[in-house]
Amino acid sequence: MQTFEALVSFLFFVFLSSYLLGLTEEQRHVDDSLYRIQLAEDAWRVLYLRGSFEDFGPNKRAQLEEELDTIEEETALCVFIDGVFMTSCRGGSQEHQLTASLRKTVLYDGEPRNVTFSIGS
């Protein structure tokens with residue numbers, strides 16, 4: 001009988017202590033912002049190394065959007081340059097959510113110009 005009482009007391013103790021520990025443990029949120037910024041940097045670097053920004057200007061827009069489409073196919077993320085000025089995700093009333101943005105400088109028609117390079121969904 002004492003063994004049974006000890007076993008019930010032990011099970012109650014284990015149940016109660018695990019319940020109390022579960023209440024005090026905070027839900028941990030993984031901060032992946034550094035990963036998203038690195039992903040945007042990598043996408044920019046790929047475009048730069050492929051020569052997509054050489055002779056950058058209005059006449060290069062269609063070719064650059066093809067490059068952006070290729071990156072979207074590989075990463076499943078929309079790529080934006082200055083909002084929807086150049087993007088891989090054109091279309092209707094679809095709302096886009098930006099996950100990371102970078103400020104970069106390009107030569108646009110021979111003049112330096114700051115652009116915002118963003119990735120999102």
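The values are calculated or read from the model by the stated rules, or taken from the named source; none is laboratory data. All of these numbers come straight from a predicted model, not from anything done at the bench. Virtual Cβ from ideal backbone geometry, glycine too; neighbours counted across all protein chains shown.
Between residues in the range 1-27 that are in a helix (DSSP H, G or I) and residues that are surrounded by 10 or more Cβ atoms within 10 Å (Cβ to Cβ) and modelled with pLDDT under 80, which pairs lie under 9 Å by C-beta distance while being six or more apart or on different chains? Within 9 Å, no pair qualifies.
Tell me whether the range 50-57 contains one or more residues that are crowded, with 16+ Cβ neighbours inside 10 Å and closer than 28 Å to SER33 by Cα.
yes
With respect to the conditions (1) exposed (fewer than 10 other Cβ atoms within 10 Å of the Cβ); (2) under 19 Å from PHE117 (Cα atoms), VAL30 falls short on a single one, namely (2). Residues in the range 53-87 that are out of contact with any Phe, Trp or Tyr (no Cβ under 8 Å at 6 or more places or on another chain) and small (Gly, Ala, Ser) were compared, and the one that is farthest from ASN114 (Cα to Cα) is ALA76. For the range 102-121, a tally of residues being surrounded by fewer than 15 Cβ atoms within 10 Å (Cβ to Cβ), outside any loop (DSSP other than H, G, I, E, B) and of a type outside the set (Lys, Arg) returns 7.
Note on the range 64-93: among residues that are among the β-branched types (Val, Ile, Thr) and outside any loop (DSSP other than H, G, I, E, B), the one that is modelled with the lowest pLDDT is THR87. When you scan the range 90-97, do you find a residue that is out of contact with any Ser or Thr (no Cβ under 6 Å at 6 or more places or on another chain), closer than 15 Å to SER121 by Cα, of a type in the set (Asp, Glu) and surrounded by fewer than 12 Cβ atoms within 10 Å (Cβ to Cβ), even just one? Checking the range 90-97: at least one residue is out of contact with any Ser or Thr (no Cβ under 6 Å at 6 or more places or on another chain), closer than 15 Å to SER121 by Cα, of a type in the set (Asp, Glu) and surrounded by fewer than 12 Cβ atoms within 10 Å (Cβ to Cβ). Cβ separations smaller than 8 Å between residues 6+ apart or across chains give the following pairs from the range 32-51 residues that are in a helix (DSSP H, G or I) to residues that are of a type in the set (D, E, K, R): TRP44/LYS104; LEU47/GLU67. There is at least one residue in the range 36-52 that is under 30 Å from PHE117 (Cα atoms) and modelled with pLDDT under 85.
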